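Read the structure below first, then the notes.
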């Protein structure tokens, strides 16, 4: 299939770190494929830290304390949020209200990456997804 740049949705990143059974085998295979470059967005770092602080991710305490370190430990690349990403995330005409999803969709579009997710709501965005 060749090299693919993949942006992980936040839940996919956490499921990978915790070897969670909810991680679809197809996505797991793409992450394990050494030809692919795997990215985790700064928006996911923000989402993990915020949700942990609010008590919504108690199982992710070790990750939430230093998400950047866990991105590196996993062998993934961090993806910063640019003004262009922010502009598109805010401009999308879709009714989708989740700011993290809107940002991930914008980054996937602009950076020409496949977004690995199980969230079918992200299919409303004009992006390449790996929904399994």
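The values are calculated or read from the model by the stated rules, or taken from the named source; none is laboratory data. Fair warning: this is a prediction, and the values are worked out from it, not measured in the lab. Note that each Cβ is placed from the backbone with ideal geometry, even for glycine, and that neighbours are counted across all protein chains shown.
Some observations on this one:
- Complete set of residues in segment 71-84 that are in a helix (DSSP H, G or I) and within 14 Å of the chain's Cα centre (by Cα): 71
- Inclusion of residue 49 among residues that are assigned to a helix (DSSP H, G or I), within 15 Å of the chain's Cα centre (by Cα), modelled with pLDDT of 95 or more and surrounded by fewer than 19 Cβ atoms within 10 Å (Cβ to Cβ) is warranted.
- So residue 85, is it crowded, with 20+ Cβ neighbours inside 10 Å and without any contact (Cβ under 8 Å) to a residue 60 or more places away in the chain: yes
- Qualifying residue in segment 113-124 (condition: under 12 Å from residue 10 (Cα atoms), in a helix (DSSP H, G or I) and under 13 Å from the mean Cα position of the chain (by Cα)): no
- Residue 90, sole failed condition from (1) within 14 Å of the chain's Cα centre (by Cα); (2) modelled with pLDDT of 95 or more; (3) in a helix (DSSP H, G or I): (1)
- Within segment 52-70, the residues that satisfy the criterion of being part of a loop (DSSP other than H, G, I, E, B) and either within 21 Å of residue 98 (Cα to Cα) or touching a helix residue (DSSP H, G or I) at 6+ places or on another chain (Cβ under 8 Å) (or both) are 54, 55, 56, 57.
- From 127, 38, 110, 31, residue being in contact (Cβ under 8 Å) with a residue 60 or more places away in the chain, in contact with a helix residue (DSSP H, G or I) (Cβ under 8 Å, 6 or more places away or on another chain) and within 21 Å of residue 3 (Cα to Cα): 31
- Residue check, residue 16 farther than 20 Å from residue 114 by Cβ, surrounded by 13 or more Cβ atoms within 10 Å (Cβ to Cβ), at pLDDT 95 or above and touching a helix residue (DSSP H, G or I) at 6+ places or on another chain (Cβ under 8 Å): no
- Among the candidates 75, 2, residue that is surrounded by fewer than 16 Cβ atoms within 10 Å (Cβ to Cβ) and either modelled with pLDDT under 95 or closer than 13 Å to residue 117 by Cα (or both): 2
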